[in-house]
1. What is the packing order of peptides 256-264, 215-223, 184-192, taking the mean over residues of other C-beta atoms within 10 Å and listing the highest first?
2. In whole angstrom, how far apart do the alpha carbon centroids of segment 148-225 and segment 275-321 sit?
3. Can you list the residues of segment 205-248 with backbone N under 15 Å from a point 7 Å past the Cα of Ile108, pointing along Cα to Cβ?
4. Collect residues whose amide H, placed 1.01 Å from N in the peptide plane, falls under 5 Å from the amide H of Arg226; neighbours closer than 5 in sequence don't count.
5. So what are segment 209-343's ellipsoid semi-axes, whole angstrom, largest first, if each one is the square root of 5 times an eigenvalue of the alpha-carbon gyration tensor?
6. What dipole magnitude, in Debye to the nearest 20, does segment 191-264 give about its Cα centre under +1 on Lys/Arg Cβ and -1 on Asp/Glu Cβ?
7. Given a cut-off of under 8 Å on Cα pairs at least six residues apart, what relative contact order in percent is computed for segment 197-256?
8. Put +1 on the Cβ of every Lys and Arg and -1 on every Asp and Glu Cβ in segment 248-323; which of Thr256, Tyr294, Leu323 then has its Cα farthest towards the positive end of the dipole?
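Every number in this text was worked out from the coordinates using simple rules, so none of it is lab data. Just so you know, these numbers come straight off a predicted model, no measurement behind them. Don't worry about glycine lacking a Cβ; one is built from the backbone with ideal geometry, like all the others, and counts go over all protein chains shown.
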Amino acid sequence: MNDDRRAQLHSLSIDRGGEARRGGVPAWSLLLVAVLAAGLAGGGVWFLTRPGEAPARTTQAQAPAQTAQAQPAQPQPQTPAPAPRASGLVASGYVVARRQATVSAEIIGRISEVLVEEGMTVEAGQVLARLDDERARLDLAQVEAQVLAAAARVRSLEAQAAEAQNVSLRAGRLFERAIASEASVTAAEAQRASLDAQLRAARAELEAARLRRESQIDYVDRHVVRAPFAGVVIAKNAQVGEILAPAAAGGGFTRTGVATLVDMASLELEVDVNEGQIQRVRPGQRVEAVLDAYPNWRIPARVEAIIPTADRSRATIKVRVALEERDERLLPDMAARVTFVES
């Protein structure tokens with residue numbers, strides 16, 4: 001009987017070694033993991049909520065306010081008057097010269113001398129080049145001889161006319177005394193009248209010869225090319241030996257001009273403004289110009305004129321801008337940007 005009870009109690013016990021052999025997890029290891037997890041969670045909560053942290057942040061936040069209260073009040077600087085500012089309307093264009101010319105002669109001729117180079121400053125009337133004028137001077141000498149011949153003929157006829165006048169007077173006195181016939185008087189008068197007519201013709205021929213001489217002198221002078229105004233030579237277009245023909249198309253050894261001259265005092269800006277913004281531009285308006293070559297040089301300027309026509313293809317209107325400051329850095333055809341200033 002006791003053996004039966006002992007067998008029943010043995011059947012109710014748990015076999016620990018069997019569970020380990022079957023691969024199960026021991027209960028004590030699970031308990032250890034749970035204890036470690038609880039410890040880490042508690043440490044994190046303590047780190048986030050440890051005492052003294054919040055007051056420290058509050059103190060740091062209040063420090064700037066306390067410092068600001070401790071400093072004395074400083075006087076506020078006086079606000080300056082608003083200066084003119086750029087309106088935002090920007091246009092681009094180029095430096096152009098109001099006075100620029102390709103200087104040439106009025107006649108066709110071979111260039112015998114060129115007296116200018118690029119960059120040279122010339123005065124109004126200064127000789128730039130000369131054409132071969134040998135044939136023109138020969139023609140002038142011929143006209144001079146014609147003038148001398150006409151003058152000599154006039155002097156001869158004047159003497160003959162004076163003598164005919166005396167003969168006519170003597171014939172008249174003799175006729176009054178009945179010494180000479182009426183026919184002699186008539187012949188003397190006819191001779192005097194003929195010589196007077198010849199004298200008038202000779203004087204007219206002398207005047208014509210003198211006019212031809214003046215014309216030939218002017219023609220000789222046209223072989224000299226002079227500067228029409230003071231300026232700077234920006235291009236030398238011809239060389240000695242080439243033919244200068246102002247009316248020709250140019251090319252080869254034929255040139256239409258000797259040099260290109262620019263009046264630097266007439267430089268200004270021409271900019272294109274969108275026609276939708278042209279109402280923001282007015283004559284006399286202040287402008288600030290900047291050259292692409294010198295971006296730090298701000299040139300004061302003003303609107304000179306608004307050209308009263310529009311470019312259909314580009315939808316722009318050309319505006320002339322007069323520069324109020326200039327020096328040797330300013331050159332024709334430089335690119336520029338302008339900003340229209342509003343007050």
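1. Working: 256-264: 20.8, 215-223: 15.2, 184-192: 16.9.
Top of the packing list down: 256-264, 184-192, 215-223.
2. 72
3. It comes to 242-248, nothing else.
4. HN-HN under 5 Å from Arg226: Leu128.
5. Working: eigenvalues 341, 64, 55 Å².
So the three semi-axes of segment 209-343 are 41, 18, 17 Å.
6. Working: 10 positive and 8 negative charges, 37 e Å.
The calculation lands at about 180 debye.
7. On the way: 22 pairs, mean separation 10.4, N = 60.
That works out to 17 percent.
8. The one lying farthest along the dipole's positive direction is Leu323.
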